[in-house]
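The values are calculated or read from the model by the stated rules, or taken from the named source; none is laboratory data. The model shown is predicted, which means the values in this text are computed figures rather than measured ones. We place every Cβ from the backbone using ideal geometry, glycine too, and count neighbours over all the protein chains shown. Each accessible area value is taken on the protein alone, full model and side chains, heavy atoms only, with ligands, DNA and RNA left out. Shrake-Rupley method; radii C 1.70, N 1.55, O 1.52, S 1.80 Å.
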Amino acid sequence: MTYQNLLITEEEGILIVTLNRPKALNAINDLTMQELGQFFSEDAPKRSNIKGIILTGAGDKSFVAGADIKEFLALDVEKATNKSRTGNNIFFSIERFPKPVIAAVQGFALGAGCELAMACHMRIAGEKARFGQPEVNLGIIPGYGGTQRLVQYIGKGKALELLLTADMIGAEEAYRLGLANHVVPAGEEITKAKEIINKIGKKGPIAVAKCIEAVNAYFQYDADGYEKEITEFGNAAGTVDFKEGAGAFIEKRRANFVGK
Ligand code: COA
């Protein structure tokens, strides 16, 4: 599929997805959201050889400066509810992607941009990154999981402070609070994300996918995370990769995982 607002390249077996509307600071409009949905549910799952995905924004000023506010004026209750449900489902498909998805955040990650970064498995913040949920400035609330995932990452008190004041925080503060996994010099966000994905690429891919599933289950109201872990621990033990990984340790050699 060809995309209008996403640039997709492959480097070192990693897909780099760049939200590409720099004139609007990469704000997510309906087409971008539709393309993210298409990419994560249809196209990326078919790329079975990739090690992971890096999401970033075009230019050095902004990762994503929010949902496209220019499209907000046409919203009514029904349209906004549908927009939020669609966006939430698409962001779930990112969170549930079975390979690592890392946000390389070089500038503003505001509103839907912060929500997109939070739907990824990890966030690498460049030193100029700025995170925030400024929706209350517009008289609305986050609609793509922001009220839920911000609490998951930084706890209720700080999440409420950021949501209610619309304050932005910098990279160091995001790191201190647990929102950013690493802070790196400006321009090195993708390099760091690649380093992490390359490291994960050497592990058993089925085990990696099952870790993502089990961690996600902790945050699902309709799932029992411990039960999920028990089931997937059992299932992992039945894989060729488990025999290989454990055998390689005993034989003091590097494991050669095959994803089966
Ligand atoms: N939706 C649509 N367009 C956006 C946008 C958004 N969320 N964020 C920025 N833009 C556009 C601006 O309208 C401007 O376009 P123009 O040149 O056609 O007027 C362009 O991007 C540059 O933004 P500008 O505001 O001039 O840059 P700045 O450096 O002065 O400020 C921000 C940067 C991020 C602080 C500011 O753009 C901002 O507050 N954006 C909205 C953030 C927000 O509320 N996000 C949550 C939305 S729910």
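Numbers below:
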read-out: Residue-wise HN-Hα coupling along segment 49-55, computed from phi with Karplus coefficients 6.51, -1.76, 1.60 (Hz; x: Gly, Pro); value: 8, 6, 8, x, 9, 10, 9
read-out: Loop-located trypsin sites (Lys or Arg not before Pro) in segment 187-221 whose Cβ has at most 12 other Cβ within 10 Å (DSSP); value: 202
read-out: Rounded FRET efficiency, nearest 0.05, which uses the C-beta distance separating residue 230 from residue 258 and R0 of 25 Å; value: 0.50
read-out: Point-to-point label distance, residue 141-residue 43, nm (Cα→Cβ direction, 7 Å offset); value: 3.3 nm
read-out: Simple label model, 7 Å out from Cα along Cβ direction - residue 219 to residue 10, nm; value: 2.9 nm
read-out: Whole-number accessible area per residue in Å² for segment 6-200, which is evaluated in the context of all protein chains at 1.4 Å; value: 45 Å²
read-out: Centroid-to-centroid separation of segment 1-78 and segment 93-156 [C-alpha atoms, Å]; value: 14 Å
read-out: Amide H within-cut-off set for residue 67, under 5 Å, with H built and near neighbours excluded; value: 28, 112, 113
read-out: Placed amide H near residue 130: partners under 5 Å, 5+ positions off or other chain; value: 107, 108, 109
read-out: Table column - 3J(HN,Hα) (Hz), segment 228-240, Karplus curve with 6.51, -1.76, 1.60, x for Gly and Pro; value: 4, 4, 4, 4, 6, 4, x, 4, 4, 5, x, 8, 4
read-out: Cα-based equivalent ellipsoid, segment 6-200: semi-axes from gyration tensor eigenvalues, Å; value: 24, 20, 15
read-out: Over 23 Å between alpha carbons, listed pairs 61/203; 46/194; 99/156; 70/194; 199/260; value: 61/203; 99/156; 70/194
